[in-house]
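This report refers to the structure that appears directly beneath it.
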């Protein structure tokens with residue numbers, strides 16, 4: 001497994017995965033995303049993005065980690081942890097000292113060193129975004145922040161990521177009913193009537 005920057009050819013997959021996982025795609029740009037990929041099969045396992053919030057005059061720009069998702073068959077394998085790590089490293093390389101997350105699952109991110117931020121202490125752009133996310137996800141969304149040099153990756157995630165394989169077997173076989181066809185009464189293009 002490895003995490004790489006998204007490419008243009010990933011756009012359709014990203015949009016499908018975002019819809020499948022019920023994540024918001026506000027201001028979607030595929031180039032803002034990173035994607036976790038299985039080295040052997042090339043299967044995409046998870047993703048996340050950085051979203052820049054420009055500050056008002058005299059206020060600093062802020063960076064938000066958002067749209068973080070892992071496909072169900074790849075969960076509990078360190079994929080999300082490595083996506084978060086890559087996003088934090090990218091933010092640090094871009095000169096940001098602090099990253100923010102607005103999430104309804106804060107317990108996942110606190111294990112990496114993220115700390116809860118009171119709504120009143122959020123920068124104005126993120127406070128507005130928090131309102132949007134609460135409308136989309138419900139009232140349980142809270143703000144978190146992390147100084148980029150304080151990110152901690154638990155060792156269990158490193159090993160799980162190295163050995164990651166998807167759960168489940170082969171994909172289920174598709175049937176005529178999956179496409180709304182009644183196999184007992186349907187006629188087919190090349191049906192000879194015999």
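The values are calculated or read from the model by the stated rules, or taken from the named source; none is laboratory data. Fair warning: this is a prediction, and the values are worked out from it, not measured in the lab. Glycine also receives a Cβ, built like all others from the backbone with ideal geometry; neighbour counts cover every protein chain displayed.
A few points about this structure:
- Test: residue 141 is closer than 21 Å to residue 20 by Cβ and free of Cβ contacts under 8 Å to residues at least 60 places away in the same chain: yes
- For residue 82, the conditions (1) without any contact (Cβ under 8 Å) to a residue 40 or more places away in the chain; (2) under 24 Å from residue 160 (Cβ atoms); (3) in contact with a helix residue (DSSP H, G or I) (Cβ under 6 Å, 6 or more places away or on another chain); (4) surrounded by 19 or more Cβ atoms within 10 Å (Cβ to Cβ) all hold with the exception of (1).
- Within the stretch 37-63, tally of residues that are surrounded by fewer than 21 Cβ atoms within 10 Å (Cβ to Cβ) and within 19 Å of residue 5 (Cα to Cα): 11
- Residues that are surrounded by 16 or more Cβ atoms within 10 Å (Cβ to Cβ), outside any loop (DSSP other than H, G, I, E, B) and touching a strand residue (DSSP E or B) at 6+ places or on another chain (Cβ under 8 Å), drawn from the stretch 117-153: 117, 125, 126, 129, 130, 133, 142, 143, 144, 145, 146, 148
- Consider the stretch 85-97 and keep the residues that are part of a loop (DSSP other than H, G, I, E, B) and either in contact with a helix residue (DSSP H, G or I) (Cβ under 9 Å, 6 or more places away or on another chain) or without any contact (Cβ under 8 Å) to a residue 24 or more places away in the chain (or both). The one that is surrounded by the fewest Cβ atoms within 10 Å (Cβ to Cβ) is 95.
- Counted residues, the stretch 6-19 - those being surrounded by fewer than 15 Cβ atoms within 10 Å (Cβ to Cβ), within 13 Å of the chain's Cα centre (by Cα) and either in contact (Cβ under 8 Å) with a residue 40 or more places away in the chain or within 21 Å of residue 91 (Cβ to Cβ) (or both): 0
- Matching residues, the stretch 98-116, being crowded, with 20+ Cβ neighbours inside 10 Å and either assigned to a helix (DSSP H, G or I) or free of Cβ contacts under 8 Å to residues at least 40 places away in the same chain (or both): 109, 114
- Identity of the residue in the stretch 73-84, under 25 Å from residue 138 (Cβ atoms) and part of a loop (DSSP other than H, G, I, E, B), that ends up nearest to the chain's Cα centre (by Cα): 75
- The residues of the stretch 20-36 that are in contact with a strand residue (DSSP E or B) (Cβ under 7 Å, 6 or more places away or on another chain), modelled with pLDDT of 85 or more and surrounded by fewer than 21 Cβ atoms within 10 Å (Cβ to Cβ), listed by number, are 21, 32.
- Index of the failed condition, residue 74 passing every other in (1) in contact with a strand residue (DSSP E or B) (Cβ under 6 Å, 6 or more places away or on another chain); (2) surrounded by fewer than 16 Cβ atoms within 10 Å (Cβ to Cβ): (2)
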